[in-house]
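Participant: Below is the structure I would like to discuss, written out as structure tokens.
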Amino acid sequence: MAYGAIRIEPALIATILAALLLAVCIAVPPLRRDLLRIRGLVWPTILFALVLAMGLLSLTPFALGGPHPVWAYVGAGPGSGTVDPSATILELIKLGGLACLFVVGVTTGASDERARTAVNVLIALSVLFGLWAFFAFTTGAIFQTQRGRLEGMLMSPNTAGTFFAALLVVTLGPLMRNLRGVQASRALQAGSGYWIALLVLAACLLMTASRGAALGAAAGAVGLVIMLFFAGQASLNRASILLLAAVFGAAAALYAFGGNLVERFADINDGATGRAELFAMHWRAFQAAPLGGYGLGTFETIHRTLLDAQALESVWRIRATHNVYIQWLEEAGLAGALPMFACIASIMGMALVRGMRRSRMTHVLFALIAADLVFLIHGFTDFALQTPSMAMMWSYLLGLQFALSQGSRR
């Protein structure tokens, strides 16, 4: 609600609150016991610690590749690997907050009942946020950065699209669980609350007119069905009926709410040229310092140095690369970005492998894993994961799915 915590003050306050939540998890004996019994945290911990170590090393002259030449240019020796030490320190603090929320998610997911409650509360809160955003948008009660596109208070319709797309995929899990073994005539009664949530979230997603988020939601829904098939939790007929109903529902929703989205898909070149130019510009910057990068959080500093007379007008106001992978490579270099990518991949991979062995809570678990696809796919073309509130939400969901895949002892 604090404008995506884009400003540093709310981002740091959220980081402090994340640390306090972790302190509660450690201080309460039942929660601490649940946390300590979770296995498999060694590799994600090592990889994340390596990311932090590379970030700390960039604050010194001993960074990989040595101190950046800018320090010698301004005569401020001995310098450091990062071109903006204060920005890098702030990013390291925020990464610590993400780690705290991941562990809070692990603690939540260590109990099946607690995980089920957390998912239901998250869905309910997202619906309330969606209803508020819908009425605020239609009545003009809040400022919108782009006319005709819903964004709530996230300062970008595409970021709002990521939020609603991820929660829509999460909602599909418990809804499909409730539809198991239910006759088609009773499908609406079997999960009325989830149907309502799905309708609200789908309408809000379409009103954001975010192409990347819509594609991410579609990929997440397909991924969820595929995982359920391989786990033996869905039959062909029932899944086919559900998908057919989803197609008709999506068509009806597009007709009612998605005119702007359809127009943006029709004009796919809208913004594509500027982003291609932006990607190429920052990819070349990464290639100039591939090993250690320029320092975490230094995008804006780097971006200003890359601008020329031709690019000044089109990309001056840009505050992120619109590609999370290029931005991580540019800021952290291979030494910092690859461990981060591997850390996330190890969490998702272990959750998926363990989930295939589970017989309970699989619909909820696979929906959480499928929601990861929304963040990963939309991260290719937008900056939602550079928004602290979205990064924090995903960190919590990653921890939740990691522990839930192991199962509860109660």
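The values are calculated or read from the model by the stated rules, or taken from the named source; none is laboratory data. As the structure is a computational prediction, the values presented were derived from the model and not from experiment. Note: ideal-geometry Cβ built from the backbone for every residue, glycine included; neighbour counts use all protein chains shown.
Participant: Under 6 Å between Cβ atoms, which residue pairs at least 6 apart in sequence (or on different chains) link something in segment 264-290 that is farther than 19 Å from Thr301 by Cβ with a partner that is part of a helix (DSSP H, G or I) and at pLDDT below 65?
Facilitator: Hits for this filter: Gly274/Ser314.
Participant: May I ask you to list the residues in segment 75-104 that are outside any helix (DSSP H, G or I), closer than 20 Å to Ala49 by Cα and β-branched (Val, Ile, Thr)?
Facilitator: Thr82
Participant: Another question, then. Please go through (1) modelled with pLDDT under 75; (2) outside any loop (DSSP other than H, G, I, E, B) for Gln233 and return the number of the only condition it doesn't satisfy.
Facilitator: (2)
Participant: Sticking with this one: Within segment 355-371, identify whether any single residue is crowded, with 20+ Cβ neighbours inside 10 Å, touching an Asp or Glu at 6+ places or on another chain (Cβ under 8 Å), modelled with pLDDT under 95 and over 17 Å from Ala99 (Cα atoms), and answer yes or no.
Facilitator: Scanning segment 355-371, I find at least one residue that is crowded, with 20+ Cβ neighbours inside 10 Å, touching an Asp or Glu at 6+ places or on another chain (Cβ under 8 Å), modelled with pLDDT under 95 and over 17 Å from Ala99 (Cα atoms), so the answer is yes.
Participant: Related question: Taking the options Leu95, Leu175, name whichever one is touching a helix residue (DSSP H, G or I) at 6+ places or on another chain (Cβ under 6 Å) and either within 29 Å of Ile46 (Cβ to Cβ) or in contact (Cβ under 8 Å) with a residue 12 or more places away in the chain (or both).
Facilitator: Leu175
Participant: Would you please name the residue that is surrounded by the most Cβ atoms within 10 Å (Cβ to Cβ), looking only at residues in segment 1-16 that are outside any helix (DSSP H, G or I) and touching a residue at least 24 places away in the same chain (Cβ under 8 Å)?
Facilitator: Ile6
Participant: Name every residue in segment 22-37 that is crowded, with 17+ Cβ neighbours inside 10 Å and out of contact with any Ser or Thr (no Cβ under 7 Å at 6 or more places or on another chain), in order of residue number.
Facilitator: Step one: of segment 22-37, the residues crowded, with 17+ Cβ neighbours inside 10 Å are 22, 25, 31, 34-35.
Matches in segment 22-37: Leu22 only.
Participant: Ok, one more. Please go through segment 132-157 and give me each residue that is crowded, with 16+ Cβ neighbours inside 10 Å and touching a residue at least 60 places away in the same chain (Cβ under 8 Å), ordered by number.
Facilitator: Those that are crowded, with 16+ Cβ neighbours inside 10 Å and touching a residue at least 60 places away in the same chain (Cβ under 8 Å): Ala133, Phe134, Phe137, Arg149, Met153, Leu154, Met155, Ser156.
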